[in-house]
1. Beyond 21 Å, what share of the Cα-Cα pairs of the range 131-240 remains, rounded to the nearest whole percent?
2. Which aspartates and glutamates, if any, have their Cα less than 17 Å from the Cα of LYS181, not counting same-chain residues under 8 positions apart?
3. In the calculated pair distance distribution of the chain, what percentage of Cα-Cα distances lie above 36 Å?
4. For the residue pair LEU158 and ALA48, what label-to-label distance in nm results when each label sits 7 Å from Cα along the Cα-to-beta-carbon direction?
5. Please give me the summed charge of the neighbours of LEU15: other residues whose Cβ is under 10 Å from its Cβ, Lys and Arg +1, Asp and Glu -1.
6. Could you tell me how many degrees, from 0 to 90 and to the nearest 10, lie between the Cα long axis of helix 30-45 and the main elongation axis, the longest principal axis, of the Cα atoms of the chain?
7. At a Cα cut-off below 29 Å, give the lysines reachable from LYS260, other chains included and same-chain residues fewer than 8 away excluded.
8. Got a sec? Charge dipole of the range 6-205, +1 on Cβ for Lys and Arg, -1 for Asp and Glu; which of GLY112, ALA39, GLY182 is way out at the positive end?
Amino acid sequence: MTYETLDYQVEDGILTLTLNRPERMNAFNGQMRRELIAAFDAADADDAVRVIIVTGAGKAFCAGADLEKGGDTFNRHARQDQPEGADLRDGGGTVSLRIYECTKPVIAAFNGAAVGVGATMTLPMDIRMASTNAKFGFVFARRGITMEACSSWFLPRLVGPMQTAEWVHTGRVFGAEEALKGGLIRSIHEPDELLPAARTLAREIADNTSGMSALLNRQLMWRMMAADHPMEAHIIDSRAIAFMGESEDAKEGVRSFLEKRPPQFRLRPSQDRPDFYPWWQERPFR
């Protein structure tokens, strides 16, 4: 697929997905929304992709929604990408939900400003790393709108309700140090060291872990955040460990450890999934 707003590059198991509208500070629009969903679809279908890094071209990561329509930017009736009669769905939320469903580990590498949807669409990613140049802002109240992209679900779970309330109620833009202290990001790096650090982490995952284990572990962690009781985790943990324990990947994991060599895992996340996956559809969303 040819992308207009993204750069999609796979090398040695790592997909680097770059938001690529540098002339607009990688501002989010309808085309980027559609292409991000398509890119994650492509990554999930490609077993050569083991880890995904998302970053931005130029000085910004993503400056938020493209404000080219002025006061009607957030007016769904004024947007061509949401015609009359369409389901009432926030565009950023469709991207967040697609990333939430992703079967691969996802690393956000904030090279610059990440504001509004530029920050919220990264909340379903697994690990967030930032340049010293990065800035963040959940600026919705300052724009006269509300939280979006499922951030009212993700952000309190990641940083806690009090930190969420401060950032959302003030709507202020803050730097990488505050983001680190608040638990939004894992680490801060000099600008020219950010992507190498992200790739080193991605390489550790890609070279040493089972893709099927990653698929199951990623969804176990996210889905259990909303579980009512640890018994829910126990039930699905038991099914997952039974499936993997009988697999060739488990045998290879033990053999490679005993033989002191890198593992060669064979299960294909796109095709070899257990019959209980996706287990959450047994109790569908209401």
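1. Values: 3341 of 5995 pairs.
Tail of the P(r) past 21 Å holds 56 percent of the pairs.
2. The qualifying aspartates and glutamates are GLU166.
3. On the way: 7086 of 40755 pairs.
Tail of the P(r) past 36 Å holds 17 percent of the pairs.
4. 3.0 nm
5. Working: positive: ARG50, LYS104; negative: GLU11, ASP46.
Taking every other residue near LEU15 into account, the sum is 0.
6. So the inclination is approximately 0 degrees.
7. Within the straight-line limit of under 29 Å, LYS260 reaches these lysines: LYS104, LYS251.
8. Selected residue: GLY182.
Here, each number is a calculation from the coordinates, and none is a lab measurement. Computed from a predicted model, the values in this text were never measured in an experiment. A quick note on method: Cβ atoms are made from the backbone with ideal geometry, for glycine too, and the neighbour counts reach across all protein chains shown.
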